[in-house]
Amino acid sequence: MTKTNMDPPELLAKHDQGDLLRSIAEAVLQLIMEADVDGLIGAGRHERRGERTTWRNGYRDRVLDTRLGALNLRVPKLRQDRYFPGFLEARKTSEQALVAVIQEAWIGGVSTRRVDELVQAIGLRGISKSTVSKLCKDIDERLGEFLNRPLTGEWPYVRVDATSLKVRQGGLIVPVAAIIAVAANTEGRREIIGLGIGP
């Protein structure tokens with residue numbers, strides 16, 4: 001008969017404390033995901049039932065960075081529906097802060113290589129150029145929405161100003177003007193109504 005549990009002293013003898021806690025955390029989170037999926041499907045693993053809604057379709061590996069270290073989890077995949085556990089939210093608060101730092105560094109002109117070094121310096125495994133580009137694509141989308149938004153109400157006062165910047169175009173560093181238009185409405189509220197780059 002296979003032994004399904006171990007005594008605590010035996011567990012401690014096999015692992016140091018950090019590995020033991022990490023292993024326990026991985027096992028508990030894996031059990032939570034399996035139970036969630038069983039509830040979604042309406043049947044357990046390898047169980048045949050008529051009221052099931054979908055079927056399992058393998059796993060995808062996911063790493064969860066915690067204070068215990070990196071937890072290696074296997075997130076169950078489904079054939080028809082999508083399952084993603086709540087504790088593995090796509091962007092938790094700490095991850096949102098990291099994304100904000102990466103975006104701010106990119107806006108400030110930091111190279112993707114330097115962003116990777118920055119991420120490694122704060123204790124993570126690093127970040128690829130393509131991931132930095134994907135994270136910063138969100139900035140372009142938000143900027144596009146901002147520039148193409150409809151202006152409503154009356155804006156009787158408009159002020160246009162510019163500052164000179166140097167940018168890389170076609171392999172050369174050239175001066176350009178960053179032009180910004182600020183308007184005030186009839187209630188005195190100021191708002192940026194447009195911006196652009198010109199010669």
Looking only at the stretch 155-199, and only at residues there that are in a strand (DSSP E or B) and of a type in the set (Asp, Glu), the one that is nearest to the chain's Cα centre (by Cα): GLU191
Of all residues in the stretch 38-62, how many are without any contact (Cβ under 8 Å) to a residue 12 or more places away in the chain and not basic (Lys, Arg)? 9
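Residue by residue, here is whether (1) modelled with pLDDT under 80; (2) surrounded by 12 or more Cβ atoms within 10 Å (Cβ to Cβ); (3) under 19 Å from VAL182 (Cβ atoms) holds:
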residue	(1), (2), (3)
GLY108	yes, no, no
SER111	yes, yes, no
VAL115	yes, yes, no
LEU118	yes, yes, no
ARG125	yes, no, no
LYS129	yes, yes, no
LYS134	yes, no, no
GLU154	no, no, yes
ARG159	no, no, yes
Please verify whether the stretch 165-174 includes one or more residues that are outside the structural domain of ASP65 (by TED's automatic domain parsing) and surrounded by 14 or more Cβ atoms within 10 Å (Cβ to Cβ). no
Pick out the one residue from ALA90, ALA35, ALA100 that is modelled with pLDDT of 80 or more and exposed (fewer than 12 other Cβ atoms within 10 Å of the Cβ). ALA35
Listed residues LEU20, LEU29, LEU11, LEU40; which is in a helix (DSSP H, G or I), within 30 Å of LEU78 (Cβ to Cβ) and at pLDDT below 80? LEU40
Anything in the stretch 126-145 that is without any contact (Cβ under 8 Å) to a residue 24 or more places away in the chain and either within 15 Å of the chain's Cα centre (by Cα) or under 13 Å from ALA100 (Cα atoms) (or both)? List them, or say none. GLY126, SER128, LYS129, SER130, THR131, SER133, LYS134, LYS137
Assess whether THR152 counts as being assigned to a strand (DSSP E or B) and of a type in the set (S, T, N, Q). no
Expected output for the stretch 171-199 (first residue within 22 Å of ARG142 (Cα to Cα), partner among the acidic types (Asp, Glu), Cβ below 9 Å, 6+ apart or cross-chain) is ILE179/ASP161; ILE180/ASP161; ALA181/ASP161; VAL182/ASP161; VAL182/GLU191; ALA183/GLU191
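The values are calculated or read from the model by the stated rules, or taken from the named source; none is laboratory data. Just so it is clear, the model here is predicted, and its values are computed rather than measured. Counting neighbours? That spans all protein chains shown, and the Cβs are built from the backbone with ideal geometry, glycine included.
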